[in-house]
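A.B. asks: My questions all concern the structure below.
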Amino acid sequence: MNVTSIKGFRDVLPDEAARRRAILDATRGVLESYGYAEIELPLLEKGELFQRSVGATSDIVEKEMYAFEDRDGTLIALRPEGTASAVRAYVENGLTRSLPVGRLWYSGPMFRRERPQKGRYRQFSQIGAEFFGRDDAAADAETLCLVADICAAVGVRGTRIDLNSLGDAACRPAYREALSEYGRLHASELCTDCCARLERNPLRLLDCKNPGCKAAMSAAPLMIDHLCDPCRAHHDEVLRLLGVAGVAVTANPRMVRGLDYYCRTAFEVVAEGLGAQDAVGGGGRYDGLVAALGGPDMAGIGFAFGLERLDLASRPDGDDLGVAAAAVKILMAPVGEAAAGPALALARRLRQTGLRVEMESPGRRLKAQMKHADKIGARFVVILGDAEIASGRATVRDMRAQLDHASLFGLADDATAIVTKLEQIGQFEQR
Ligand code: ATP
Ligand code: MG
């Protein structure tokens, strides 16, 4: 039996890796244009961090977290998300004092033990951003502008930003009680998961995908109708600012978020064509989380995009071979063992000018090497056979014109002079 990968853990093949890199570059560009600085966070954290932030009764911690006991007995978790780590790092490194208004972004793998399916894996990557120290509506509006600009820069198709307010410590407890009361009255119509959520996490009743639960909850009270005056004013101001800034959002009063720490503004970005896993990103305000993790009373708002879903929602249609190599411009074709050394040396020197050079196998016939040059779309083939080694001068085949140029340059010639010679016989791009 071959050893295979673990269920829900996948390999990213070159085509996809190239697209991921492009998505990350585009996103980084937008984040930096907003003044965000990058932070690198550990993949492992104490399990306690997520219990205290994401919430011990959340699906992520209760059902999906990979956790194990370290050799010294400490409970260790593979991070399921990035916000908790970012907040921990912000507090632990004294940034709450040195950077009282801070914008940080991160990217990297996250781990959740969910049922794998298209767009849902046990290891996936997120690009996230956290904005600390501002609780005004303009900070929320700026964050949503950033979200919209990232979607545009990445080229996500058919995006919609769903927006809701989840209230705060003043108005949510009473609403939560009203919701759980409503749920208890409809308990017989709810799935077993929702029955368990009734007391522990009633907000999740609203976004259960089960048709029976959806129907039962259709007349449930909504947070947006139970906001206290300050939450109401904050939400209205966010909407007004987004209107002025030209960012379109859709009110979705049933959208709640999976993490316990959200308050007031919550949002989700959905894209078309992704099927059931249509959320490419989500986020919200989490005032109170910094204090909950031992820091000062400090506001925060942030979001995370899923890289795999950004890719699914933005990639061009068509075949994905998964094996596209970097565009090699020159194939070095040594024919016979005597050519191997000079070919290796020449290829190295040409690469130093920025050229992409792939070296063929000296044991193969020239015809087979030429076939490979075709396959990889090489612009030129540098042929070093016995005759070339004897004369000390290379033969170059112009693949576009299907023409050989004998003794085009000397094997000891200066690399930039060789590039100039190649440019004289035909146009080519350096990279
Ligand atoms: P979902 O409703 O799809 O489970 P979520 O609310 O659990 O999403 P968040 O915790 O908000 O997701 O994470 C932000 C983003 O990370 C999601 O919008 C999604 O794009 C991505 N994401 C979350 N879980 C996974 C996963 N298991 N596999 C791939 N991407 C994921
Ligand atoms: Mg989830």
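The values are calculated or read from the model by the stated rules, or taken from the named source; none is laboratory data. Everything numeric here is computed off the predicted structure, so don't read it as measured data. Please note: Cβ atoms are built from the backbone with ideal geometry, for glycine as well, and neighbour counts cover all protein chains shown.
A.B. asks: Can you find even one residue in segment 36-46 that is in a loop (DSSP other than H, G, I, E, B), of a type in the set (D, E, K, R) and at pLDDT 95 or above? Reasoning before the result, please.
C.D. replies: Taking segment 36-46 as the starting set, the residues that turn out to be in a loop (DSSP other than H, G, I, E, B) are 36, 39-43.
Checking which are of a type in the set (D, E, K, R) leaves us with 40.
Now drop any that are not at pLDDT 95 or above, which leaves 40.
For segment 36-46, residues in a loop (DSSP other than H, G, I, E, B), of a type in the set (D, E, K, R) and at pLDDT 95 or above: present.
A.B. asks: Next question. Anything in segment 78-125 that is within 9 Å of ligand 1 (Cβ to nearest atom), assigned to a strand (DSSP E or B) and in contact with a helix residue (DSSP H, G or I) (Cβ under 8 Å, 6 or more places away or on another chain)? List them, or say none.
C.D. replies: 124, 125
A.B. asks: Can you find a residue that is under 45 Å from the mean Cα position of the chain (by Cα) and of a type in the set (Phe, Trp, Tyr) anywhere in segment 406-428?
C.D. replies: Yes, segment 406-428 contains at least one residue that is under 45 Å from the mean Cα position of the chain (by Cα) and of a type in the set (Phe, Trp, Tyr).
A.B. asks: Also, quick follow-up: Being assigned by TED's automatic domain parsing to the domain that holds residue 142 and more than 16 Å from residue 141 (Cβ to Cβ), is that true of even one residue in segment 245-252? Can you show your working first?
C.D. replies: Filtering segment 245-252 down to residues assigned by TED's automatic domain parsing to the domain that holds residue 142 leaves 245-252.
With more than 16 Å from residue 141 (Cβ to Cβ) added as a condition, the list becomes 252.
For segment 245-252, residues assigned by TED's automatic domain parsing to the domain that holds residue 142 and more than 16 Å from residue 141 (Cβ to Cβ): present.
A.B. asks: Anything in segment 3-45 that is within 18 Å of residue 119 (Cβ to Cβ), surrounded by fewer than 15 Cβ atoms within 10 Å (Cβ to Cβ) and more than 16 Å from ligand 1 (Cβ to nearest atom)? List them, or say none.
C.D. replies: Once the filter is applied, which keeps residues that are within 18 Å of residue 119 (Cβ to Cβ), surrounded by fewer than 15 Cβ atoms within 10 Å (Cβ to Cβ) and more than 16 Å from ligand 1 (Cβ to nearest atom), segment 3-45 yields 13, 17.
A.B. asks: Go through 71, 103 for me and flag whichever is more than 16 Å from ligand 2 (Cβ to nearest atom), under 18 Å from residue 286 (Cα atoms) and among the charged types (D, E, K, R).
C.D. replies: Matching residue, one of 71, 103: 103.
A.B. asks: Quick check: anything in segment 190-213 touching a helix residue (DSSP H, G or I) at 6+ places or on another chain (Cβ under 8 Å), in the same structural domain as residue 305 (by TED's automatic domain parsing) and surrounded by fewer than 16 Cβ atoms within 10 Å (Cβ to Cβ)?
C.D. replies: No: zero hits.
A.B. asks: Output yes when any residue across segment 131-145 is within 15 Å of ligand 1 (Cβ to nearest atom), crowded, with 18+ Cβ neighbours inside 10 Å, within 30 Å of residue 196 (Cα to Cα) and not assigned by TED's automatic domain parsing to the domain that holds residue 200, and no when none is.
C.D. replies: no
A.B. asks: I'd like to know if segment 359-371 contains one or more residues that are at pLDDT below 95, surrounded by fewer than 22 Cβ atoms within 10 Å (Cβ to Cβ) and not assigned by TED's automatic domain parsing to the domain that holds residue 88.
C.D. replies: The answer is yes; a qualifying residue exists.
A.B. asks: Out of the residues in segment 112-130 that are of a type in the set (Lys, Arg) and buried (at least 19 other Cβ atoms within 10 Å of the Cβ), state the one that is farthest from ligand 2 (Cβ to nearest atom).
C.D. replies: 122
A.B. asks: Quick check, is residue 238 part of a loop (DSSP other than H, G, I, E, B), within 28 Å of the chain's Cα centre (by Cα) and closer than 23 Å to residue 143 by Cα?
C.D. replies: Spelling it out, it is not the case that residue 238 is part of a loop (DSSP other than H, G, I, E, B), within 28 Å of the chain's Cα centre (by Cα) and closer than 23 Å to residue 143 by Cα.
A.B. asks: Would you be able to tell me the number of residues in segment 74-94 that are within 16 Å of ligand 2 (Cβ to nearest atom) and either in contact (Cβ under 8 Å) with a residue 60 or more places away in the chain or among the β-branched types (Val, Ile, Thr) (or both)?
C.D. replies: Residues in segment 74-94 being within 16 Å of ligand 2 (Cβ to nearest atom) and either in contact (Cβ under 8 Å) with a residue 60 or more places away in the chain or among the β-branched types (Val, Ile, Thr) (or both): 4 in total.
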